Amino acid sequence: MRPVPRRASGAAIDWTSIYTRLDEVERKVKSVRAVAPERVHEILRRRALELSRTDVQGDSRRSTARHSMLVFSVVNGQYAVAAELASEILPLGRLTPIPLAPSYVAGVTSRRGQILMLLDLRRLLGLAALHAADLVKVIVIGQAPTEVGLLAENVEGVVEAADSDVAAPLLAGDYVRGIVGGKITLLDAKKLLQLGAATAYPQTR
C-alpha cells in the first residue's frame, strides 16, 4: 500500500484516489507496449488494406488541408500539438509533486481552484533531463473536465502545415505522430489527453 502524505492546510487532495488512478494508467501504458508480434502484423495488414481502398480524390484533399500547430521547446528540441486542442498557456506556478507517481507525472498545480496534472515530456519521451527550473511554461490541452498540462521551456508560436508535410518519425513512439519540416516533432495530443484522463484528479474541496 502506498503511503498517504499528510494534507497541508488549505485545499485538500484525495491522495488515495490519485494513487488508484496512477496504478490504472501504469497498467494501460504497459498494455500498449506489450502488443504481441502477430497482433502488430495483423494491425499493419489491415491498415495497408484500408489505405489501398482510399479514394484518390480524398487523398488529394487531405494532402492539401492545412492545420495549425502550437510549437514549443523542450530540451532544445521543437515539439508541437494541434492548436485546436491547446486551450491555454500559463507560467508555471506552484508545483506539488506526487510521491511514488510515475516519472512522467511532474506533479499537480492549482488552476482557478481546480487540480491540473502536469506531464514531464522529458520523462515520457525519454529525453535528456534538464533542471526542473528550465520548465517554466504550462501548455494546457483539452477542455474541462479532461485537461492536462505539458511542461515546456518556451512557447515559440503557431505554424501551419499540410497533412503531406508530416513525415513518419525516425523513432516510433506511443505519443508521436510525425515530423514536420524535418525538425518539429508533432505529438499526439489526443493520446496525451487519454493518459491524463486515466490519471484524472479530484477537484479541490
What is the one condition in (1) within 22 Å of TYR104 (Cβ to Cβ); (2) without any contact (Cβ under 8 Å) to a residue 60 or more places away in the chain that THR185 does not satisfy? (2)
Those residues of region 112-124 which are touching a strand residue (DSSP E or B) at 6+ places or on another chain (Cβ under 7 Å) and either of a type outside the set (D, E, K, R) or free of Cβ contacts under 8 Å to residues at least 40 places away in the same chain (or both), in sequence order: ILE115, LEU116, MET117, LEU118, LEU119, ASP120, LEU121
Condition met for LEU90 (assigned to a strand (DSSP E or B), under 24 Å from THR16 (Cα atoms) and at pLDDT 90 or above): no
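The values are calculated or read from the model by the stated rules, or taken from the named source; none is laboratory data. Only a predicted model underlies this, so the values are computations on that prediction, with no experimental measurement involved. Using ideal geometry, Cβ is built from the backbone for each residue, glycine included, and neighbour counts are taken over all protein chains shown.
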